[in-house]
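The values are calculated or read from the model by the stated rules, or taken from the named source; none is laboratory data. Predicted model, so just to flag it, every value in this text is computed and none were measured. Glycine gets a Cβ as well: all are built from the backbone with ideal geometry, and neighbour counts include every protein chain shown. For accessibility, only protein heavy atoms count, side chains too; no ligands or nucleic acids. Shrake-Rupley method; radii C 1.70, N 1.55, O 1.52, S 1.80 Å.
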Amino acid sequence: MPATEESSAGARGAPPGDAPAHFPAAQPLPRLVHPALLASVFVIATSGLVYELITGTLASYVLGDSVTQFSFVIGLYLFAMGIGSYLSQYIESRLLERFVEIELGLALVGGLSAPMLFRVYTALGSFRALLYSLVLLIGMLVGLEIPLLIRLLNFSLDLKRLVARVLTLDYIGALAASLLFPSLLLPRLGIHQTSLFFGMLNAAVALTSTFLFPLDRAVVVRLRALCLIVLAALGVAFALVSRFVERSEALYFGAPIVYSAQSPYQRIVVTRSPRTTRLFLNGNLQFSSDDEHRYHEVLVHPAVAALGREPRRALILGGGDGLAARELLRYPSVEHVLLVDLDDAVTSAFRDLPLAADLNQGSLRDPRVVVRNEDAFKYLEESTESFDLAIVDFPDPGNYAVGKLYTDAFYHLLRQRLSVRGLAVVQATSPHYARESYWCVVTTLEAAGFKTAPLHVYVPSFGEWGFILAGGEGLSAPGTLRIDPSRLRYLDSGGLPELFRFPRDLGRVEAPINRLNDQKLVSVYTREWAEWTR
């Protein structure tokens, strides 16, 4: 029969191709088949997008530049779905068996995707190759499933209603995944258990499908055995994955983990060895207790010295570990410190975890310190408060979400929150490893109307690191500290001028202004650090 005639017959409800082998014309389909298979569409759509979000999130964690990574992962996933949909036309017989087998394949590949990627990242290398291979494979499997479901349902539903229902549930499932992933799944289950949970859902869909249609007994036994094996394997993995992650992280970080958490924004890990305590966010070192005093003393005390008066009201943007607040609270004149940090998982840990609270000397419990967990850009837009001193201590601008906090628009807002003679100090990455990036921040601050005084310090854990004082026309590099140097571990007044001297290989270079609409700093920063890691 010509293909056009077969399609027409199928649309009228006559079973096409090999349908009689599975759907005898004399035997009507059970009443629950249609809703059960349509529910499968919802699960498939939800799980497919969850796997896409998982791989995109891991790519942004490991490779940085979240916009680029999510764009590439989404594009590759949709492309792979197209390939899968195209290949589905070559499956001409035993549609239900093939559907169950494909669903089990998706359960295994998608369910194990996060643990596999994590293992490769922490121990083996070749993260990109595995990442993009998994995205392609998951996309192709999802692309195969939907056409097969449509053909299964087309045996007894007219095509118009069928396509409308399938696509509606497909899009609703995608919406459900996009809402649940950041708000519930990632913070509650974590990225690894989320992928395994949806793998089990896919396996459950496969198992349920074997009860919906009449099949040969041997086929039913084989398919159900496979489904139960996959479900059991994923269930065991779900129960044990936390231990697997802990051991892999301990191996990767090189020290026992004393605290770990997954927030909606990042993976938080604190390690402790006999010599040092370290904080990692998304696998990136944030501080090491044996030399963080260099970083935080230079971040805070030269700025207070340049202020020219005792600080009373201070703003800390970022700095959720409380270490910058610790340095500020050394000044008896400080009456109020507002700390704005996006992630309450970080501020809560460094307030409540005894080990962390010891490091910041209980600064986040001090009654003078008020913590607000919100986006710093949004806070500056809505605030009417005024401060003598602002300490801006964000992570490096490795993606556009953080890069916006280094733009001229952000610095214009920051100026409005400073008092008449107030000033700010900005963490600005390494003038050695990311020289153009560092001077890009200087250029951007100046474009926002600040006068700048760049400075730098050597921190053994990071290398040469840069900061920038930013204030009004009267700003100049300070000549002496406003605190007794005996209270500090690194800084003294004699060495203060040296912080503001840049040798020739760290000196100023031409750099663009980082504007909100293009964020040139992110691409510059990504390029410079990539050159050092090759």
Task: Which listed residue, of 521, 445, 481, 506, is over 34 Å from the mean Cα position of the chain (by Cα) and surrounded by 18 or more Cβ atoms within 10 Å (Cβ to Cβ) - done: 481
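I'm trying to understand the selection: among the residues of segment 506-519, which are charged (D, E, K, R) and either more than 11 Å from residue 400 (Cβ to Cβ) or touching a helix residue (DSSP H, G or I) at 6+ places or on another chain (Cβ under 6 Å) (or both)? Let's see the steps before the verdict.
In the first step, residues of segment 506-519 are kept if they are charged (D, E, K, R); the result is 508, 510, 515, 518.
Hits for segment 506-519 are 508, 510, 515.
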TODO: Output the residue which, of all residues in segment 419-436 that are out of contact with any strand residue (DSSP E or B) (no Cβ under 6 Å at 6 or more places or on another chain) and open to solvent by 20 Å² or more (accessible area, probe 1.4 Å), is nearest to residue 500 (Cα to Cα).
DONE: 435
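Here is a yes/no grid of residues against (1) buried (at least 20 other Cβ atoms within 10 Å of the Cβ); (2) among the basic types (Lys, Arg); (3) within 23 Å of residue 232 (Cβ to Cβ):
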site: 72; (1), (2), (3): no, no, no
site: 91; (1), (2), (3): no, no, no
site: 94; (1), (2), (3): no, yes, no
site: 116; (1), (2), (3): no, no, yes
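Taking the condition of being touching a Phe, Trp or Tyr at 6+ places or on another chain (Cβ under 6 Å) and within 13 Å of residue 387 (Cβ to Cβ), how many residues in segment 315-333 meet it?
Summing the residues that are touching a Phe, Trp or Tyr at 6+ places or on another chain (Cβ under 6 Å) and within 13 Å of residue 387 (Cβ to Cβ) in segment 315-333 gives 1.
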Open item on the list: One residue is enough: does segment 249-269 have a residue meeting the conditions in contact with a Pro (Cβ under 9 Å, 6 or more places away or on another chain) and assigned to a helix (DSSP H, G or I)?
Closed with: yes
- [ ] Please specify each residue of segment 86-114 satisfying the condition of being part of a helix (DSSP H, G or I) and closer than 16 Å to residue 135 by Cβ.
- [x] 105, 106, 108, 109, 110, 111, 113, 114
TODO: Could you identify the single residue in 370, 425, 420 that is free of Cβ contacts under 8 Å to residues at least 60 places away in the same chain, over 23 Å from residue 261 (Cβ atoms) and part of a strand (DSSP E or B)?
DONE: 420
TODO: Would you mention how many residues in segment 209-223 are open to solvent by 70 Å² or more (accessible area, probe 1.4 Å) and either closer than 23 Å to residue 35 by Cβ or polar (S, T, N, Q) (or both)?
DONE: 1
- [ ] Of all residues in segment 253-272, count the ones that are modelled with pLDDT under 90 and within 20 Å of residue 460 (Cα to Cα).
- [x] 3
- [ ] For residue 188, state whether it is under 21 Å from residue 37 (Cβ atoms) and open to solvent by 60 Å² or more (accessible area, probe 1.4 Å).
- [x] no
Open item on the list: Which of the numbered conditions does residue 190 fail, given that it passes all the others? Conditions: (1) at negative phi; (2) under 19 Å from the mean Cα position of the chain (by Cα).
Closed with: (1)
Task: Top-ranked residue in segment 428-462 [being touching a residue at least 40 places away in the same chain (Cβ under 8 Å) and part of a strand (DSSP E or B); ranked as nearest to residue 311 (Cα to Cα)] - done: 453
Open item on the list: Quick check on segment 396-408. Is at least one of its residues crowded, with 23+ Cβ neighbours inside 10 Å and farther than 24 Å from residue 66 by Cα?
Closed with: no
- [ ] Can you give me the number of residues within segment 373-392 that are part of a strand (DSSP E or B) and open to solvent by 20 Å² or more (accessible area, probe 1.4 Å)?
- [x] 1
Open item on the list: Every residue in segment 140-164 that is touching a helix residue (DSSP H, G or I) at 6+ places or on another chain (Cβ under 9 Å), open to solvent by 20 Å² or more (accessible area, probe 1.4 Å) and either modelled with pLDDT of 80 or more or closer than 20 Å to residue 103 by Cα (or both), please.
Closed with: 140, 141, 144, 146, 147, 150, 151, 154, 163
TODO: Name every residue in segment 46-70 that is open to solvent by less than 10 Å² (accessible area, probe 1.4 Å) and not in a helix (DSSP H, G or I), in order of residue number.
DONE: none
Open item on the list: Criterion first (crowded, with 20+ Cβ neighbours inside 10 Å and closer than 30 Å to residue 499 by Cα) does residue 332 satisfy it?
Closed with: no
Task: Residue satisfying condition, being modelled with pLDDT of 95 or more, open to solvent by 20 Å² or more (accessible area, probe 1.4 Å) and over 24 Å from residue 267 (Cα atoms), within set 411, 458 - done: 458
Task: Sole residue being under 23 Å from residue 92 (Cα atoms) and crowded, with 24+ Cβ neighbours inside 10 Å, chosen from 137, 106 - done: 106
